[in-house]
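**Student:** Quick one: the structure is below, and I'll ask about it shortly.
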Amino acid sequence: MTPGSPVNTSAAAEVSARDTVAMTQRLGERDVAAIARLFGDPARARILMALADGRSLAASVLADEAGVSPSATSGHLVQLREANLVVVERSGRHRYHRLARPEVAEALEALATLAPAQPIRSLREHTRAAALRDARTCYDHLAGRIGVEVTAALVDRGALESTDGVRDTRRRAGDALSAPLPTHPYRLGPAAGPTLAALGVDLDELRAQPSRRPLLRFCLDWSEQRHHLGGRLGAALLTAFVERGWITRTRRRRVLDLTDRGARYLQDELGLDSAVSRVHRSSGA
């Protein structure tokens, strides 16, 4: 091409487009639509939500949760297993299903921030919805009002500290409505060891455990629109709360109960007076 000759921008654009398509094909673009179809079916969504607290459940239980026949449930489970969303565990003659990895539960939590709330048609539904907002599991860690208040208290008491200069656990301006947060503005603070020890978690022991899972991870809580603690530390805290009788698991999917003992300890150790007073409590000793 001689100096001053016009550039054929149309041809250049066609070459660029072909290169982009070829590169995408070589890299293997993620098939988001395929996963979206699996999550989008109401019965499959209910099956996944039933497993979102980390439990392993029999197909008969999942059929009840999904509100479909056992044969239909079996078909849904086959699709979920083929997509590596669900795996099967065998115990003798019995088969139990669980989520394949924590990221599946995190994707469900992310979708919940975007999904419209279903209309409440009965007192029972209202009670369960309120209980879910109060305290629930997000896979294997604490979420809901108690989850975000515990996280905020850990920041206030120096067990966690923000790295962006904001002493607040509310949603940041740049946060996407998703869980978990791809990056988070927190790290362990100077009071982490003694504060967590008072809550039943040995931080040194937890850090020494071999794991590819991050110690700290945070989710944007769908009901509170604030950050709650996940990762290995979040899971260890929920385990400690259950073992100490502060939190009890219920028959209601994902719902947790705060016991009277737990209320007292969270008030004493973390100063959660106002949060605890608004949460339904069971009569644990």
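**Student:** Looking only at the range 212-247, which residues are part of a loop (DSSP other than H, G, I, E, B), out of contact with any helix residue (DSSP H, G or I) (no Cβ under 6 Å at 6 or more places or on another chain) and free of Cβ contacts under 8 Å to residues at least 24 places away in the same chain?
**Tutor:** Within the range 212-247, just 212 meets the criteria.
**Student:** Need pairs with beta-carbon distance below 8 Å; first residue on the phi > 0 side of the Ramachandran plot and within the range 37-57, second in a helix (DSSP H, G or I); sequence gap 6+ or separate chains.
**Tutor:** Sorted first by the residue in the range 37-57, then by its partner, the pairs are 54/105.
**Student:** Related question: Of everything in the range 80-93, what is on the phi < 0 side of the Ramachandran plot and surrounded by 10 or more Cβ atoms within 10 Å (Cβ to Cβ)? Give them in sequence order.
**Tutor:** 80, 81, 82, 83, 85, 86, 87, 88, 89
**Student:** Looking at the range 150-166, which of its residues are surrounded by fewer than 19 Cβ atoms within 10 Å (Cβ to Cβ) and closer than 22 Å to residue 198 by Cα?
**Tutor:** Listed by number, the residues that qualify are 156, 157, 158, 161, 162.
**Student:** Okay, moving on. Mind listing just one residue for me: the one in the range 121-149 that is of a type in the set (A, V, I, L, M, F, W, C) and modelled with pLDDT of 85 or more and, of those, surrounded by the fewest Cβ atoms within 10 Å (Cβ to Cβ)?
**Tutor:** 148
**Student:** Quick one: which of 59, 45, 50, 33 is modelled with pLDDT under 85, surrounded by 15 or more Cβ atoms within 10 Å (Cβ to Cβ) and among the aliphatic types (A, V, I, L, M)?
**Tutor:** Result of the check over 59, 45, 50, 33: 50.
**Student:** Quick check: anything in the range 178-193 part of a helix (DSSP H, G or I), closer than 21 Å to residue 248 by Cβ and in contact (Cβ under 8 Å) with a residue 12 or more places away in the chain?
**Tutor:** no
**Student:** Hey, can you tell me all the residues within the range 48-71 that are of a type in the set (Val, Ile, Thr) and part of a helix (DSSP H, G or I)?
**Tutor:** If the condition is that a residue be of a type in the set (Val, Ile, Thr) and part of a helix (DSSP H, G or I), then 61 is the only one that fits.
The values are calculated or read from the model by the stated rules, or taken from the named source; none is laboratory data. What you see is a predicted model; the values in this text were computed from it and never measured. Heads up, the Cβs are rebuilt from the backbone with ideal geometry, glycines too, and the neighbour counts pull from every protein chain shown.
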